[in-house]
Amino acid sequence: MTAMTIKIVLRFLLTACAFAASVSVAAQTADAFVQGEGKETVQATCTRCHSATLVTQNSGSEDVWRIRVRLMQASHGMPAIDEATESTIVGYLATHYGQKTAARRAALKPEFMPTNPYAQEPAAD
């Protein structure tokens, strides 16, 4: 390959990557919240300060979401909302982003674990 061909290929790949990233971001912001009763209220309230992704990557029961909303009001400057709006937000989030049974990924299988650099060889008798 000539230097000119390499430059053309690299420019094409860079353009393709930039396009793919922009499509991903557009899709993420356009439909970040799942459809459901209360979506518009959640979107209008929560995305004043947070990206939709930040909200949707979390999970919790109604109690957990209510605690989070009240903590944001008490400590982080979230404007006061009436009880009906709070119930709509908490209900939507608990329904669509409810408590997960496990928030961490499963442990790696031993064959995929790196060698422990601090492991000591067993003592020879």
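Please treat every number below as a calculation from the coordinates, not as lab data. Since we're looking at a predicted model, the values are computed, not measured. Every residue, glycine among them, receives a Cβ derived from its backbone with ideal geometry; neighbour counts consider all protein chains shown.
Cβ crowding within 10 Å, taken as a proxy for footprinting-reagent exposure, orders 96, 50 from fewest neighbours to most as 50, 96. A cut-off of 5 Å between modelled amide H atoms, ignoring neighbours fewer than 5 places along the same chain, links residue 98 with 60. For the listed peptides 109-115, 81-87, a ranking on the average number of other beta carbons within 10 Å per residue, highest first, reads 81-87, 109-115.
Using a cutoff of 8 angstrom between alpha carbon atoms and counting only pairs six or more residues apart, the relative contact order for region 34-99 works out to 52 percent.
By the count of neighbouring beta-carbon atoms within 10 Å, fewest first, 6, 89, 67 end up ordered 6, 67, 89. Using a/c under 1.5 as the rounded threshold, could you call region 34-99 rounded, prolate or oblate? The axes a ≥ b ≥ c are square roots of the C-alpha gyration tensor eigenvalues, and prolate needs a/b larger than b/c, oblate otherwise. Rounded.
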